[in-house]
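*Asks:* Have a look at this one.
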Amino acid sequence: MLEILRVALTSIRANLFRAMLTMLGVIIGVGAVITMLALGTGAQRAVEEQLQSLGANVLTVTTGMRFAQGIAREQQVLTTDDAAAISARAKYVMAMAPEQNSRQQVKLGNRNLLLSVIGTSAQHPEVNGYTLGAGRMFSAADDSGRRRVAVLGGEVAEQLQASPESLIGRTVMVKAMPFEVVGVYAKKGSVGFSNPDDDVFIPLGTSQYRVTGGDKIQSVSAKVMPGIDLGQAMVEVERVIRREHGLAPGKDNDFSIIDRKQFLAAQQQTTEILAFLLAGIAGVSLVVGGIGIMNIMLVTVTERTREIGIRKALGATRLNILAQFLVESTVLCLLGGIVGTLVGIAAARALTVLAGWQTYVSIEAVALAFGFSAAVGLVFGLWPARRAAALDPIEALRHE
């Protein structure tokens, strides 16, 4: 076997430039497979991080649409009374965070920003899995007293060109009204289609009476007690809101209740399917590279027909000849696989650094691409190897 390997390497070295061009298809294929799998795995990990950052056992009640004859006629609303009803009558809910969202000008010194200002409860960080990077969260007393205090999102401090610690106690202008900064959230990252790091959070009572002037809210997030089934809690919250809205039995809900983790789990499944689809498309280039190797090996058999005849005349068996050409094609693929692996890792790293995409190169992805490249060498090298092994030694010696 060592002799066969030595002969294969000698043959590759004798036609080095041709061997490099032959390996190019495998290099591109392996590199593309590893890059695509790294992108898919990175996206899955990003979704998993979002799942963990949402907090455990959280239901979200959102506004719905009223339909008539299959057409959306009007959008229904949630109010602060709905949030109060959930807090008072939903026995499986341990914490609740309503959100009243409005776009307002936020100003500090000569910095003027247009941001989402969200009125919410003091339980907002507990429900949504936020942590404070500096200062404190506003209290229930701040909410009931409608005090002008604010907690900034993690990226707002950067936009105001100040450190989180230096903002504590300072005054920012929200809708031309002074608000004292009492806390700054640690960066959380985007969740779904929103980025809470760009938001400003104020007490719901302050938002309702001083900023928006209304009691309409966009959503209510409710954290369910540990050990309680989410479906059971969802039925209870639904019952409370239906009673609050005066909906008769059999009438459709004018609101929606979402388990956010189920939503992101569906997003994760979609990401996995997309990752395998991309890897499959990249695998096509590996097959194309294998066809190139088969083509070159057929040319090699034709060029070395006389050599094959001499080896057979000296006692080489069909198995020896078959092994020689199989080893040669496999070595070509393995060398291409090694280079392709390095190219794929470098490409994944470049996408992370230059494009900011989250990627992760797993050992399993490298093993899969490398093993597939070896399999390509064996499969596409088999026909040329069998053709070489089947040559008649007398006819092969006559070949010029």
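*Asks:* When the residues of the stretch 125-146 are narrowed to those that are part of a loop (DSSP other than H, G, I, E, B) and surrounded by fewer than 19 Cβ atoms within 10 Å (Cβ to Cβ), which ends up nearest to the chain's Cα centre (by Cα)? Spell out the reasoning first.
*Replies:* Filtering the stretch 125-146 for residues part of a loop (DSSP other than H, G, I, E, B) gives 129-131, 136-139, 145-146.
Those still in the list that are surrounded by fewer than 19 Cβ atoms within 10 Å (Cβ to Cβ) too: 129, 131, 136, 139, 145-146.
Working: G129: 20, T131: 23, R136: 32, S139: 35, G145: 42, R146: 40 Å.
My answer is G129.
*Asks:* Among the residues of the stretch 371-394, write down those that are under 26 Å from the mean Cα position of the chain (by Cα) and surrounded by fewer than 19 Cβ atoms within 10 Å (Cβ to Cβ).
*Replies:* G371
*Asks:* Another question about this same structure. Taking the stretch 188-210, which residues are free of Cβ contacts under 8 Å to residues at least 60 places away in the same chain and surrounded by 16 or more Cβ atoms within 10 Å (Cβ to Cβ)?
*Replies:* Once the filter is applied, which keeps residues that are free of Cβ contacts under 8 Å to residues at least 60 places away in the same chain and surrounded by 16 or more Cβ atoms within 10 Å (Cβ to Cβ), the stretch 188-210 yields N195, D197.
*Asks:* Which one of A389, A396, A367 is at pLDDT 85 or above and farther than 23 Å from V26 by Cα? Steps first, answer last, please.
*Replies:* Working: A396 fails: at pLDDT 85 or above; A367 fails: farther than 23 Å from V26 by Cα.
It is A389.
*Asks:* Residue by residue through the stretch 55-111, note down the ones that are closer than 22 Å to V224 by Cα and at pLDDT below 60.
*Replies:* Within the stretch 55-111, G55, A56 qualify.
*Asks:* Okay, next question. Within the stretch 169-180, does at least one residue satisfy the condition of being in contact with a Phe, Trp or Tyr (Cβ under 6 Å, 6 or more places away or on another chain), assigned by TED's automatic domain parsing to the domain that holds Y92, part of a loop (DSSP other than H, G, I, E, B) and under 24 Å from T63 (Cβ atoms)? Spell out how you get there, then give the answer.
*Replies:* Start the filter on the stretch 169-180 by keeping residues that are in contact with a Phe, Trp or Tyr (Cβ under 6 Å, 6 or more places away or on another chain), which leaves 172.
Those left that are additionally assigned by TED's automatic domain parsing to the domain that holds Y92: 172.
After this cut, where a residue has to be part of a loop (DSSP other than H, G, I, E, B) as well, the list is none.
For the stretch 169-180, residues in contact with a Phe, Trp or Tyr (Cβ under 6 Å, 6 or more places away or on another chain), assigned by TED's automatic domain parsing to the domain that holds Y92, part of a loop (DSSP other than H, G, I, E, B) and under 24 Å from T63 (Cβ atoms): absent.
*Asks:* Then there is this: Only one of these conditions is not met by N295: (1) over 37 Å from the mean Cα position of the chain (by Cα); (2) farther than 30 Å from R13 by Cα. Which number is it?
*Replies:* With respect to (1) over 37 Å from the mean Cα position of the chain (by Cα); (2) farther than 30 Å from R13 by Cα, N295 is out only on (2).
*Asks:* While we're on this one: Kindly evaluate G231 against the criterion of being over 23 Å from T80 (Cβ atoms) and assigned to a helix (DSSP H, G or I). Spell out how you get there, then give the answer.
*Replies:* On the way: over 23 Å from T80 (Cβ atoms): yes; assigned to a helix (DSSP H, G or I): yes.
Here the answer is yes, as G231 does meet what is asked.
*Asks:* Can I ask one more? Would you confirm, using the coordinates I've provided, whether G25 is part of a helix (DSSP H, G or I), over 26 Å from N195 (Cβ atoms), at pLDDT 85 or above and in the same structural domain as S362 (by TED's automatic domain parsing)?
*Replies:* no
*Asks:* Got a number for residues in the stretch 190-243 being polar (S, T, N, Q) and within 25 Å of the chain's Cα centre (by Cα)?
*Replies:* So the answer is 4.
Table: residues versus (1) in contact with a strand residue (DSSP E or B) (Cβ under 9 Å, 6 or more places away or on another chain); (2) touching a residue at least 24 places away in the same chain (Cβ under 8 Å).
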{"site": "T212", "(1), (2)": "yes, yes"}
{"site": "D215", "(1), (2)": "yes, yes"}
{"site": "Q218", "(1), (2)": "yes, yes"}
{"site": "M225", "(1), (2)": "yes, yes"}
{"site": "Q232", "(1), (2)": "yes, yes"}
{"site": "E236", "(1), (2)": "yes, yes"}
{"site": "G246", "(1), (2)": "no, no"}
{"site": "P249", "(1), (2)": "no, no"}
{"site": "N253", "(1), (2)": "no, yes"}
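Conditions (1) under 13 Å from T79 (Cα atoms); (2) in contact with a Pro (Cβ under 6 Å, 6 or more places away or on another chain); (3) at pLDDT 90 or above, marked per residue:
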{"position": "T206", "(1), (2), (3)": "no, no, yes"}
{"position": "Y209", "(1), (2), (3)": "no, no, yes"}
{"position": "G214", "(1), (2), (3)": "yes, no, yes"}
{"position": "I217", "(1), (2), (3)": "yes, yes, yes"}
{"position": "A222", "(1), (2), (3)": "no, no, yes"}
{"position": "G227", "(1), (2), (3)": "no, no, no"}
{"position": "I241", "(1), (2), (3)": "yes, no, yes"}
{"position": "G246", "(1), (2), (3)": "no, no, no"}
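*Asks:* What is the number of the single condition among (1) free of Cβ contacts under 8 Å to residues at least 60 places away in the same chain; (2) of a type in the set (S, T, N, Q); (3) within 17 Å of E126 (Cβ to Cβ) that Q159 does not meet?
*Replies:* (3)
*Asks:* A further question on this structure: Looking at V343, V331, V376, V327, can you tell me which residue is in contact with a Cys (Cβ under 9 Å, 6 or more places away or on another chain) and either closer than 26 Å to V33 by Cα or not assigned by TED's automatic domain parsing to the domain that holds A32 (or both)?
*Replies:* The unique qualifying residue is V376.
*Asks:* Checking the condition in contact with a strand residue (DSSP E or B) (Cβ under 7 Å, 6 or more places away or on another chain) and among the basic types (K, R), which residue from R111, R136 passes? Give the derivation first.
*Replies:* Numbers: R111 fails: in contact with a strand residue (DSSP E or B) (Cβ under 7 Å, 6 or more places away or on another chain).
Residue meeting the stated conditions: R136.
The values are calculated or read from the model by the stated rules, or taken from the named source; none is laboratory data. Quick caveat, the model's predicted, so the values are computed rather than measured. Ideal geometry is used to build each Cβ from the backbone, glycine not excepted, and the neighbour counts take in all protein chains shown.
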